[in-house]
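The values are calculated or read from the model by the stated rules, or taken from the named source; none is laboratory data. Keep in mind that what you see is a predicted model, and the values were worked out from it rather than measured. Please note: Cβ atoms are built from the backbone with ideal geometry, for glycine as well, and neighbour counts cover all protein chains shown. SASA here: full protein model, heavy atoms, side chains in, ligands and nucleic acids out. Shrake-Rupley method; radii C 1.70, N 1.55, O 1.52, S 1.80 Å.
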Amino acid sequence: MTFRLFLPALSVLSALTLTGCSALDALMGPGAIDPKDTSAEKALVLYGTGVQKFQCTADTQGLWWRFITPEVTLRDEKGRKVATQGADFTFSAPDKSRLAAKVESWTEGKTKHDLKGLLFAVRPAGNLKGILSHYRWVKRDEAKGGIPVSACTRNSLGAVLAVRFSARYTFYR
């Protein structure tokens, strides 16, 4: 899926199209981002900092920023690196445990420049006895930044833009 951002419609489209989420086509609209499973237990809160990467692209409809990937470092409250989030929104830990993620629901960002809040359904991949192997849901909220504020122009065609952001990530069992 690609994400389109046309400068005249920045305020309307930015929150809907530039979330750093390749699964938004399947979503019907905003919804609560708490796990649907009432037995889900909050087990870990991490704080992510990083970038959302976009590439300036053109087609018959105009110029737009196409989402590429997130690059996020997740740290605990003491600042220790616990995991990362990267391509396809996969979460990875140093012990080789991983979580494959799929977007389940979303809420609007606080401003047009902030990423949406997302609820990821996750499943273990990699080391099944690692730190990430027991989680079923991850909620990203309290995002600040992550949405391009500059226009994709003819002079920037092909350019890659890394947009800084921070967010809270809550992991549920």
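Rank these residues by their accessible area, most exposed first, probe 1.4 Å: Leu157, Leu128, Leu119. Mind showing how you got there, number by number?
On the way: Leu157 80, Leu128 115, Leu119 0 Å².
Result of the area sort, largest leading: Leu128, Leu157, Leu119.
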Length-normalised contact order of segment 56-133 in % [C-alpha pairs under 8 Å, at least 6 apart]: 21 percent
Partner aspartates and glutamates for Lys110 [C-alpha distance under 18 Å; skip if fewer than 8 residues away on the same chain]: Asp34, Asp141, Glu142
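Around Phe89, with a cut-off of 14 angstrom between Cβ atoms, what is the net charge of the other residues, counting Lys and Arg +1 and Asp and Glu -1? Numbers along the way, then the final one.
Working: positive: Lys53, Arg98, Lys102, Lys116, Arg123, Lys139, Arg140; negative: Glu71, Asp88, Glu104.
Every neighbour counted, the sum reads +4.
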Amide proton proximity set for Trp137, modelled H, under 5 Å, gap of 5+: Val122, Tyr172
Accessible area, probe 1.4 Å, largest first, for residues Arg66, Arg164: Arg164, Arg66
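Between Ala87 and Ser166, what's the calculated FRET efficiency when r is the beta-carbon distance and R0 is 30 Å? Round to 0.05. Before the final figure, lay out the partial values.
Numbers: r = 20 Å, r/R0 = 0.66.
Efficiency at R0 = 30 Å is approximately 0.90.
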Normalised contact order of segment 86-173, rounded percent, pairs of Cα under 8 Å and 6 or more residues apart: 26 percent
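At a 1.4 Å probe radius, which order do Val45, Val149 fall into by accessible area, largest first?
Values: Val45 40, Val149 95 Å².
Reading off the accessible areas and sorting them downward yields Val149, Val45.
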Inter-label distance, nm, simple model (7 Å from Cα along the C-beta direction), Val45/Arg75: 1.7 nm
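Please give the length that would be gained between Lys36 and Asn155 if that part of the chain were fully extended, namely 0.36 nm times their separation in residues minus their C-alpha to C-alpha distance (nm, one decimal).
Working: separation 119, 0.36 × 119 = 42.84 nm, distance 4.52 nm.
The span from Lys36 to Asn155 would gain 38.3 nm if fully extended.
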